[in-house]
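Presented below is the structure to which this report refers.
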Amino acid sequence: MLPTLVLASSSPWRREILDKLGLPYRTKHPDIDETPLGAETAAALVSRLAEEKARAVAPSFPDALVIGSDQVAVLDDVIIGKPGTHDRAKDQLRSLSGRSVTFLTGLCLLNTKTGRVQTEVIPYQVHFRDLNEDMIEGYLTHEQPYNCAGSFRSEGAGIALFERLEGDDPNTLIGLPLIRLVRMLEAEGVVLFQTQRS
């Protein structure tokens, strides 16, 4: 019998990605402080927060595999935050024009029965087109991605801003690296496809 699978997230995008595996799962919002620590690197931050998210919901599920995930965008070793306003979004997209941004996604799988924790940080590169003022203004008016790091939604019309994408798993860009997650699940005995032998 499979252990309960829990996604420690309220993100509809992460749920949509996890649905692809066809496994039953539950969701619970992790209530944690996501403030970076002093000199914490971007990779250390997403690794820590992915695990903290999993641990935050673990007490509600004593025999489960809990998935935690966190993501940041990085330009020149500086974390790009959410713009919050139209003007800040314009500034962000101007700074991204013609450049490459690295998305780092921390992934954690916590076995609440055994206490075993698997964590990994998976990078994904986004290479932006040269963006002119009309493109930036038109995109922001259309999608209003003011609550998105980098001022764009890759799962929406933001894809039109890109020159190319570079990484092992396109799901990573949206926040849940399925290829790595499948391997983590297999390490816990959850195998998606098995043939029945007589």
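Remarks
- Restricting the trypsin sites (Lys or Arg not before Pro) of the range 1-66 to loop positions (DSSP other than H, G, I, E, B) with no more than 10 neighbouring Cβ atoms within 10 Å leaves Lys20.
- Label point distance in nm, Arg116-Tyr25, each placed 7 Å from Cα along Cα→Cβ: 1.8 nm
- For the chain: relative contact order, % (alpha-carbon pairs under 8 angstrom, 6 or more apart): 21 percent
- Relative contact order, percent, the range 80-157 [alpha-carbon distance under 8 Å, six or more residues apart]: 44 percent
- Within the range 90-198, the chymotrypsin sites (Phe, Trp or Tyr not before Pro) that combine a DSSP coil assignment with at most 13 other C-beta atoms in a 10 angstrom radius are Phe193.
- One decimal place: the segment Val78-Glu155 gains 25.4 nm when fully extended, by the rule 0.36 nm per residue minus the C-alpha distance.
- Close Lys pairs in the chain (alpha-carbon distance under 21 Å; sequence gap of 8 or more, or different chains): 6.
- Estimated inter-spin distance, Phe162 and Asp87, nm [label 7 Å along Cα→Cβ]: 3.1 nm
- FRET efficiency for Thr4 and Gln125, using Cβ-Cβ distance with R0 set to 45 Å, rounded to 0.05: 0.80
Where a number appears in this text, it was derived from the coordinates with a stated rule and is not lab data. Treat the numbers as computed from the prediction; the structure is a model and nothing was measured. Cβ coordinates were reconstructed from backbone atoms using ideal geometry, including for glycine residues, and neighbour counts include every protein chain displayed.
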